[in-house]
Structure formats: structure tokens, C-alpha cells
Amino acid sequence: MNTVRIGSYQLENNVIVAPMAGITDRPFRQLCRRLGAGLAVSEMLSSNPLVWKTEKSMNRMDHSGESGIRAVQIAGADPELMAQAAQFNVSNGAQIIDINMGCPAKKVNKKLAGSALLQFPDLVEEIIDAVVSAVDVPVTLKIRTGWDQSNRNGVEIARIAERYGIASLAVHGRTRACMYKGEAEYATIRDIKRSVSIPVVANGDITSPEKAKQVLDYTGADAIMIGRAAQGRPWIFREIDHYLRTGKHLPVPPIEEVRGILMEHLVNLHAFYGEPMGARIARKHVSWYLQTHDSDGQFRRVFNVLENPQAQIEALEQYFITLAAN
């Protein structure tokens, strides 16, 4: 299959890391890229300039030394502020700007941002027009299929996106009302793909190489986007890419490789955030990595009270020694 072009950028493959708040920071993006992702989109940045200088936003904007195309997602409901946020991030090294109209979180939606915007096609139009006009890099858009089951207006939003210059459209196969419950539906994504000529990226519940192929075949989408399935399993990108190219499965990574990937991730989180933040943020990642191995959660309970990076590293080293011995 042909790989996707976003503006002047050719992706290495068709498997993209979804932007996830609090997760797709620089250490995670770099790891996913190294393990086979064709593009990794940074976690959402507010279009409110008052928060750009906070530590949280500065970390989210940090792309120093990052390989691959730098794609930054922005969120907000004011066309002018969104345009300024796009310009600010481009001046900061962003090569693609992604507009968030998919986030279902209450605190985002009550500010009328994220998927709440799907209720207001005229405002969607204004925001896209303002952002695309403000920068000379490709602008992409992430949406859901609509606001709720009776207002699935994904096709209408997709046509607006194409008309106003969006370079690629990612669609999560749920409405805002669904949050993350139930199963994603792909019929709306298929309808969207048939109604526009820009690249369409399918997202939602893609948890295996087979599911990725099935969704691509069914929707006709140009690429897939993986979010929650990559938590604690960043090698899913190479597994899917390999399967899409060859029809064959890669072997499951041996425990020694999982240990190496987890340790690399841990050390990078410690270095990126410093103390005590690095150790705290590491906890959720370690919990995801060890879900299958530490099924009773015994080790994770011990690990989750460790505040010190060195203590975390030593505890994990010991854990993997014990695991290998059993």
C-alpha cells in the first residue's frame, strides 16, 4: 500500500501515534518512532497564550533532538487564538499543526473546544480557515464521528475540512457522547473517506495487526492511528507495519527486550521531567508495561510508592531478574 503524504511530507508508513494528553510527551514519541510509528503527534496544547510559559506547556512543546516530522496538536475555540497558537508552535519548530476537535474530556468541552466544536459547523469553518491561513505548514484535523448518535455529522465536517485546506483528517470512530465506551464504529469513517479526497486516518479500538488491516480494508482509509493500545506496548507500531506489508506476524518481543524498552523509557522520563515529576509520571507507564506479567499487581503496588528515580530503576532491575528466574 502507498504511504501517506501530508502536504510536502511523506510518512515512512501508515501507522500513526495518536496525540494523548499526559502520554505522548517527547520520551514516548521518540520510543514509538524508534519502534515503527510513521508519525507521532504531540499531546494537545492549549491555544490560550497565558499558559504557554507554564512548565507543563513548556514540556509539551519540547521537541529538542526529536527524530522524524514534528507534529503539534493545538486545542481551543477562538479562531484568532488558534491561529496565533499555530504560528507560535511553527516558530517553535512544528512542521505540521493538528487541530483537536476530537477530545471528549469535560474540562476541554466546557470551554467549547475538542469534540464540542462538532456541534457548530460554522465555528469549525472559521477555526480551520484561520489556522490554515496563518501558517505555511500543513494543517491536519482530528475529529469524532459527531456529537452524539443522532448528530453524526462527520461527513459534513470532513467536507468543510477539505474545502478550507486541511491536509489530512483523522477520525475516531465514536461520537463525543460515547466517550471511550462501547465499540468504535467504522461505517462513518468509510462514508467520510468516500466523500473527500484528502487522506483519512482511522482511529479507535485498533489493538492488533489483524484489526488494523480489517479497519483499513473496510473503511478504505489511508492510514490508522493508535492511541490506548500503545500504552505499555509501543512495539505495536512495528507489529502492525510488518503485518500490513507482509501479511506475517512478528514474534512477540522476548522479556529481555521488553525490559530494555521499559528501562530506556524510564530513564528518558526521569531525564526529561527531573525529580520528582519523572518518577511520578513513570508509574502509569510501568503499570501498563507490566499488566500481563504482574497480573496480581503486587509489584506495581510497591513500585507506585517509590519517589526516587534510582530506587525505581533498582526495583525494576530486581523485578526482571526474578521474572527471568521463574
statement: When restricted to ASP136, ASP129, the only residue among the charged types (D, E, K, R), outside any helix (DSSP H, G or I) and more than 22 Å from the chain's Cα centre (by Cα) is ASP136
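Working only within the range 181-203, note down all residues that are in contact with a helix residue (DSSP H, G or I) (Cβ under 8 Å, 6 or more places away or on another chain) and not acidic (Asp, Glu).
We begin by selecting, within the range 181-203, every residue in contact with a helix residue (DSSP H, G or I) (Cβ under 8 Å, 6 or more places away or on another chain); these are 186, 188-193, 195-198, 200, 202.
Those that are in contact with a helix residue (DSSP H, G or I) (Cβ under 8 Å, 6 or more places away or on another chain) and not acidic (Asp, Glu): TYR186, THR188, ILE189, ARG190, ILE192, LYS193, SER195, VAL196, SER197, ILE198, VAL200, ALA202.
Those residues that are of a type in the set (D, E, K, R) and in a loop (DSSP other than H, G, I, E, B), I need them from the range 90-126; list them, please.
We begin by selecting, within the range 90-126, every residue of a type in the set (D, E, K, R); these are 98, 106-107, 110-111, 122, 125-126.
Once the filter is applied, which keeps residues that are of a type in the set (D, E, K, R) and in a loop (DSSP other than H, G, I, E, B), the range 90-126 yields LYS110, LYS111.
Quick grid of which residues meet (1) in contact (Cβ under 8 Å) with a residue 24 or more places away in the chain; (2) under 19 Å from LYS193 (Cα atoms); (3) charged (D, E, K, R); (4) touching a Leu at 6+ places or on another chain (Cβ under 9 Å):
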{"site": "ARG70", "(1), (2), (3), (4)": "yes, no, yes, no"}
{"site": "SER115", "(1), (2), (3), (4)": "yes, no, no, no"}
{"site": "GLN119", "(1), (2), (3), (4)": "yes, no, no, yes"}
{"site": "LYS142", "(1), (2), (3), (4)": "yes, yes, yes, yes"}
- request: Please determine, by comparing only the residues of the range 1-31 that are farther than 18 Å from ILE143 by Cα and in a strand (DSSP E or B), which one is least open to solvent (accessible area, probe 1.4 Å).
  value: TYR9
- prompt: If you scan the range 192-239, which residues turn out to be farther than 11 Å from VAL171 by Cα, assigned to a helix (DSSP H, G or I) and open to solvent by 40 Å² or more (accessible area, probe 1.4 Å)?
  reply: ARG194, GLU210, LYS211, LYS213, GLN214, ASP217, TYR218, ARG228, ARG238
statement: Within the range 245-272, restricting to residues that are of a type in the set (A, V, I, L, M, F, W, C) and not in a helix (DSSP H, G or I), the one that is least open to solvent (accessible area, probe 1.4 Å) is LEU250
- line: Across (1) without any contact (Cβ under 8 Å) to a residue 24 or more places away in the chain; (2) part of a loop (DSSP other than H, G, I, E, B), GLU275 clears everything bar (1)
- request: Can you run down the residue pairs with Cβ atoms below 9 Å, 6 or more apart or on separate chains, where the first is in the range 1-29 and of a type in the set (Asp, Glu) and the partner is buried (at least 24 other Cβ atoms within 10 Å of the Cβ) and not in a helix (DSSP H, G or I)?
  value: GLU12/ALA37; GLU12/LEU39; ASP25/SER42
- line: Every listed condition ((1) farther than 21 Å from LEU11 by Cβ; (2) touching a residue at least 24 places away in the same chain (Cβ under 8 Å)) holds for THR219 save (1)
message: Can you find, within the range 128-185, the residue that is surrounded by the fewest Cβ atoms within 10 Å (Cβ to Cβ) among those that are among the basic types (Lys, Arg) and more than 23 Å from GLY7 (Cβ to Cβ)?
response: LYS181
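Pick from the range 278-296 the residues that are of a type in the set (Gly, Ala, Ser) and in a helix (DSSP H, G or I): which of them is most open to solvent (accessible area, probe 1.4 Å)? Please lay out each step first, then the result.
Keep residues of the range 278-296 that are of a type in the set (Gly, Ala, Ser), which gives 278-279, 282, 287, 295.
Of the ones still in play, those that are also in a helix (DSSP H, G or I) are 278-279, 282, 287.
On the way: GLY278: 0, ALA279: 1, ALA282: 1, SER287: 30 Å².
The selected residue is SER287.
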task: Tell me which of these ARG34 doesn't satisfy, since it passes every other one: (1) open to solvent by 20 Å² or more (accessible area, probe 1.4 Å); (2) in contact with a Pro (Cβ under 6 Å, 6 or more places away or on another chain).
output: (2)
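When the range 35-57 is examined, which residues are found to be charged (D, E, K, R) and within 17 Å of TYR289 (Cα to Cα)? So that I can check it myself, show each step before the final result.
Step one: of the range 35-57, the residues charged (D, E, K, R) are 43, 53, 55-56.
Residues satisfying the conditions do not exist here.
The values are calculated or read from the model by the stated rules, or taken from the named source; none is laboratory data. Please read these numbers as outputs of a predicted model, since none were measured by experiment. In this analysis, Cβ positions are derived from the backbone assuming ideal geometry, glycine residues included, and neighbour counts consider all displayed protein chains. With ligands, DNA and RNA removed, areas are computed over all heavy atoms of the protein, side chains included. Shrake-Rupley method; radii C 1.70, N 1.55, O 1.52, S 1.80 Å.
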